[in-house]
Amino acid sequence: MNYRHIQVEPLTPTIGAMISGVDLNHVRSEDVYEEIQAALWKHCVVFFRKQPLTPEAHIRLARQFGEVETHEFFPHIKGHPQIQLIANEGHESPETDRWHTDVTFRKRPSMVCVLRLTDLPPSGGDTMWASTAAAFEALGAPLQSLLLGLQAEHDLPFHFRRINAYQVLARRQATAAKTQGGAGPMMNTMMSAQEMNDALADRECKMIKDNPSAIHPAVITHPYNGRRCLFVNSIWTKRLLGIHMDLSEGLLNTLYEWVKKPEFMVRFRWEKDSVVLWDNCQTQHYAVFDYAPHYRAGNRVTAGSFLPTLGGAAQTGTTATAGASGLRSVLDSARMATASPKERAAVDALFDALGSVDLDAVVTRATQR
């Protein structure tokens, strides 16, 4: 694609590009946003330097990709509930220090994330991304065929339980309560062990009730560029359906390791006023925790959503289109950028419905009449 309003420099042949020639605080044309979108769908993740982004500009950029959302458990910055605070004190590794795609436990995961770091450690703290489309394309036909027939269960409470998230959270709240001279929001520091266990059990039951597991295809079609992508990850994926649990575990672990191949990756070193957009549908990411005991924090906005589906014929390359995914190319990006959340939801529902239709079969039947 020829870009008229921005400069795009690919960082690897597979994933990642640096965008320059634009001030994200003062975007004066919808065409700029449209070209940023096109670059993102092609390169999976795009990077900007020297962008002292204001909260308003941060939210405005994210809104080009859909309705801005709130998160299940991340706090937000004061005065801007749309902007999540992503922080680590540097004392212990985060619970998400594994390769993953965000919030795949939802029926409709987030489409795009926009992140800027506000507090950098003296060194370290890089973030890596991997192309799940490139990972699928490199598997070879036999494994691709196997995966195309499988579905996977994604489960938020499952991961929280295996990392003891409820106990860790209780311990942190107790520590904060002692430091502040009061009780935490969930528990009093004078609770007995039994009372604490009951409180944790209640919290876990509420988490399970509020977050039922989601079933998605193990391979999905990207809604905008038509590429097929692996859609299992080592945090939120619980199991593959329809096969023995030993086979499920073995195959999932194989795929988790496969995605880690350097050929599918790009690594970004953060600087002051760097901004990153990534396509959550066709990537996994990993925030490297190598900066202890230093603090690292950033502001993140997530926007848009997608229904993970598999449709169309096999795809390779970044410009392939198929079925309903290819039909999305007829959308007026500038018009969609200004659409209301209700209008966006209606358009998404239409294309989700088309995604379940075998359009080739429809054409064949029509030509046979």
Any idea what the relative contact order of segment 1-137 is, in percent, if you count C-alpha pairs under 8 Å spaced at least 6 apart? 19 percent
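Highest first, please rank the peptides 124-136, 290-302, 77-89, 140-152 by the mean number of other Cβ atoms sitting within 10 Å of their residues.
Highest-to-lowest ranking by the protection proxy: 124-136, 290-302, 77-89, 140-152.
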Cα gyration tensor shape of segment 23-66, rounded if a/c is under 1.5, else prolate or oblate by comparing a/b with b/c: prolate
Calculate what fraction, in whole %, of the accessible area of segment 1-91 sits on carbon and sulfur atoms when a 1.4 Å probe is rolled over the protein chains. 50 percent
Report, in listed order, any pair from Lys107/Lys209; Lys42/Lys260; Lys107/Lys238; Lys42/Lys261; Lys78/Lys209; Lys206/Lys238 with a Cα-Cα distance greater than 22 Å. Lys78/Lys209
Sequence-distant residues sharing a close amide H with Thr283 (under 5 Å, placed H): Thr132
How about segment 49-111: which chymotrypsin sites (Phe, Trp or Tyr not before Pro) there lie in a loop by DSSP and see at most 14 other Cβ atoms within 10 Å? Phe73
Can you tell me how segment 3-133 classifies by the Cα gyration tensor, rounded, prolate or oblate, using a/c under 1.5 as the rounded cut? rounded
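Indicate the gyration tensor shape class of segment 228-291 (rounded, prolate or oblate), computed on the Cα atoms with a ≥ b ≥ c the square roots of the eigenvalues: a/c under 1.5 is rounded; otherwise a/b larger than b/c is prolate and the rest oblate.
It is prolate, given that a/c is not under 1.5 and a/b is the larger ratio.
The values are calculated or read from the model by the stated rules, or taken from the named source; none is laboratory data. Everything numeric in this text was worked out from a predicted model, so none of it was measured. Here the Cβ is made from the backbone with ideal geometry for all residues, glycine too, and neighbour counts use every protein chain on show. Accessible surface areas use protein heavy atoms only, side chains included; no ligands, DNA or RNA. Shrake-Rupley method; radii C 1.70, N 1.55, O 1.52, S 1.80 Å.
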